[in-house]
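Following: one structure in structure tokens, then a few remarks.
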Amino acid sequence: MAGFASLSASSGLAAVGRSAIDTGTAAHPIRSRRNPHWKCEAANGIARPMHDIAYIRANPEAFDAALKRRGEKPVSHLVLERDSERRRIIQEVEGLRSEKKRLSGCFGQLASLGQGHTEEAMGFKIESIEIAKKLSVAEIELEKLDNLEDLLARLPNIPADDVPDGADEEDNVEVAVWGEKREFAFEPREHADIGPALGMDFETGAALSGARFTFLRGDIARLHRALAQFMLDKQTRENGYTECNPPVLVNNEAMYATDKLPKFAEDSFFGASERSRAQLFWEAMPTDFEEQMAQTEKGQFKDKMNAFFEAAPTKEDFWLIPTSEVPLTASVAGQIVDEPVEPIRLTAHTLCFRSEAGSAGRDTRGFIRQHQFEKVEMVSICRPEDSEAEHERMTACAEGILQALGLPYRKVLLCTGDMGFGAKKTYDLEVWLPGQGAYREISSCSNTGDFQARRMNARYKPEGEKKTRFVHTLNGSGLAVGRTLVAVMENYQQEDGSVTVPEALAPYMGGVEKLMPCP
RNA sequence: GGAGAGGUGGCAGAGUGGUCGAAUGCGCUGCACUCGAAAUGCAGUAUACGGGCAACCGUAUCGAGGGUUCGAAUCCCUCCCUCUCCGCCA
């Protein structure tokens with residue numbers, strides 16, 4: 001596979017620069033008909049943006065108020081203005097098309113009678129060409145208004161009513177605390193300190209790949225695997241999730257569907273073949289490329305080229321998934337599923353890849369924040385009326401893992417300022433790390449409502465109704481494997497630097513009851 | 001990677017430039033016949049967007065994008081996907 005092979009090529013694997021995001025707006029000089037960028041064309045039947053325009057029309061104030069809770073500026077006036085303009089032009093375009101169709105039918109009728117060269121026929125033909133000219137003008141105008149979709153695609157989900165207002169994690173609300181924090185007879189150490197002697201080799205990871213990569217060796221690698229197996233078995237055997245093994249390289253549509261695009265490209269990795277990079281750049285060049293370059297002043301040339309490169313569309317690219325929420329959720333993209341009387345519950349254990357460009361400097365030490373990590377993910381697809389209950393259930397499924405492993409944690413309801421882009425409501429589970437003396441996020445369970453379903457056009461037809469409805473989608477970690485390993489290390493550490501294996505993992509450890517440090 | 005064949009409505013499957021959103025069959029829904037059912041007959045049966053209180057009207061969609069043409073499911077170009085054979089490979 002070309003795309004995969006090229007991942008190792010230096011120019012083939014890249015974190016997208018921030019400027020690629022900022023230039024992707026309405027004024028984008030590169031957007032063109034042949035360059036749909038990462039906007040999904042509605043034509044493919046899968047893709048569509050956004051918020052419910054009909055809702056915004058009916059409730060502009062409520063919409064803006066909701067956005068304000070998330071720290072966004074009001075946009076409804078802008079949206080509605082563009083919307084009405086768009087509808088006006090749609091009417092114009094459709095009227096012209098209709099007329100053109102009629103004229104060409106008239107001509108055709110005459111032509112089929114062998115009267116294609118009569119004055120009457122030529123009249124139809126000429127008039128039709130005239131209409132076509134007007135039509136193409138109107139169509140271009142309509143196309144310009146497509147940025148309404150961009151605008152909507154960049155707006156976050158509306159928070160649920162019971163989500164607390166707040167600016168950042170300080171304003172999150174603790175809703176439950178579970179487990180007894182262990183009393184240590186010695187000073188508990190951080191995992192990064194006891195890890196190296198147990199086979200958690202940061203140096204080799206860094207040598208092979210760079211910062212935020214780790215090489216696990218020996219029993220600790222086995223423990224890591226055991227954790228993943230344990231979680232997966234629990235979610236499939238006890239909690240009713242269907243085990244999946246999805247691709248970890250996905251296309252734009254899947255990323256867009258799960259709201260990782262267009263806004264968070266900088267957090268992701270992507271791979272592309274050399275051939276397609278070249279082609280993408282070619283497609284990204286604005287039609288007036290030569291003109292623009294001619295006007296570029298000395299010394300600005302490099303910047304200009306850079307801007308073109310970074311804004312190059314990612315169309316044929318593969319993205320490395322930041323979470324298997326992406327392929328699991330997008331697996332129903334574009335579909336009309338059977339009414340999910342019982343929610344569709346999917347789980348997978350996969351690698352995840354994150355560039356985390358924005359968090360440089362945080363957790364640089366240790367195994368907490370890696371570019372590559374493993375996670376067991378839960379995804380539910382359900383009816384709107386079931387999503388709140390399903391959200392509670394899913395969170396409980398994640399909690400069940402922590403409880404089975406005997407790891408103390410607390411459950412936090414995220415405030416508006418700390419929630420993810422696509423979330424309507426989110427619970428975080430934070431595990432107690434005695435070495436750090438802090439609670440750290442180990443799971444995040446979100447209800448996205450119909451936000452993702454709208455983006456990917458995933459619907460169901462309720463029994464006895466004619467119209468389809470959007471499904472609701474939920475996702476949650478159950479759990480992040482690497483961070484769970486960290487939690488086990490810190491909570492089960494002994495004074496001599498060894499780590500006791502939690503009982504629940506015994507069936508997966510082949511008789512290993514304790515990780516012993518190498519001297 | 002090479003060679004070939006394909007991609008049309010819920011399914012099967014016609015359609016190679018003109019009223020084709022698309023024959024026909026199956027499926028599904030309603031009605032008729034029937035004591036009831038089967039069989040039969042008749043009628044209906046895609047989605048999205050825009051307009052309209054509504055009946056309804058308009059537009060788009062035959063894998064995707066572009067082109068030729070007064071007019072494209074049909075012709076041309078590019079791409080994607082599926083299948084068969086060969087090669088390579090975990």
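We did not get these values from a lab; they are worked out from the coordinates using the rules stated. Since the structure is predicted, the reported quantities are computational estimates derived from the model, not experimental observations. Cβ placement follows ideal geometry from the backbone for every residue including glycine, while neighbour counts extend to all protein chains displayed.
The table below lists the values:
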{"read-out": "Region A:390-438, Cα convex hull volume normalised per residue, Å³", "value": "85"}
{"read-out": "Förster-model FRET efficiency, 30 Å R0, A:L80 and A:D162, C-beta, rounded to 0.05", "value": "0.60"}
{"read-out": "Loop sites in region A:155-217: GluC sites (Glu not before Pro), DSSP, at most 11 other Cβ within 10 Å", "value": "A:E180, A:E183"}
{"read-out": "Under-5 Å amide H pairs with A:F318, H placed in peptide plane, nonlocal only", "value": "A:G271"}
{"read-out": "Alpha-carbon centroids, region A:411-426 and region A:500-519: separation in whole Å", "value": "36"}
{"read-out": "Karplus-derived 3J(HN,Hα), 6.51/-1.76/1.60, for each residue of region A:204-219, Hz, glycine and proline x", "value": "5, x, 5, 5, 6, 10, x, 4, 6, 10, 9, 10, 9, 9, x, 4"}
{"read-out": "Charge dipole magnitude, Cβ of K and R +1, D and E -1 - region A:53-153, Cα centre, debye nearest 20", "value": "260"}
{"read-out": "When each of A:K68/A:K134; A:K68/A:K234; A:K425/A:K461; A:K73/A:K467 is checked by Cα-Cα distance, pairs over 30 Å", "value": "A:K68/A:K134; A:K68/A:K234; A:K73/A:K467"}
{"read-out": "Rg ratio (alpha-carbon, reference 2.2 N^0.38 Å) - region A:53-153", "value": "1.66"}
{"read-out": "Nonlocal amide H pairs with A:G478, under 5 Å, H built at 1.01 Å", "value": "A:V376, A:E377, A:M378"}
{"read-out": "Relative contact order [Cα under 8 Å, 6+ residues apart], region A:53-153, whole percent", "value": "26"}
{"read-out": "Nearby aspartates and glutamates by direct alpha-carbon distance to A:K125 (threshold 13 angstrom, same-chain neighbours under 8 apart not counted)", "value": "A:E99"}
{"read-out": "Length-normalised contact order of region A:441-485 in % [C-alpha pairs under 8 Å, at least 6 apart]", "value": "49"}
{"read-out": "Under Karplus coefficients 6.51, -1.76 and 1.60, residue-wise ³J(HN,Hα) of region A:368-384 in Hz, glycine/proline x", "value": "5, 10, 10, 5, 10, 8, 10, 8, 9, 10, 10, 9, 10, 10, 8, 6, x"}
{"read-out": "Within region A:160-258, trypsin sites (Lys or Arg not before Pro) in DSSP loop having at most 11 other beta-carbon neighbours inside 10 Å", "value": "A:K181"}
{"read-out": "Rough spin-label spacing in nm, given labels placed 7 Å along Cα→Cβ, for A:T296 and A:A62", "value": "5.0"}
{"read-out": "Table column - 3J(HN,Hα) (Hz), region A:444-452, Karplus curve with 6.51, -1.76, 1.60, x for Gly and Pro", "value": "9, 10, 10, 9, 9, x, 9, 4, 6"}
{"read-out": "Sites A:E463 and A:A389 - FRET efficiency at Förster radius 25 Å, r taken between beta-carbons, to 0.05", "value": "0.85"}
{"read-out": "Positive-end extreme of charge dipole, region A:53-153 - chosen from A:P60, A:F124, A:L145 (charges on Cβ)", "value": "A:P60"}
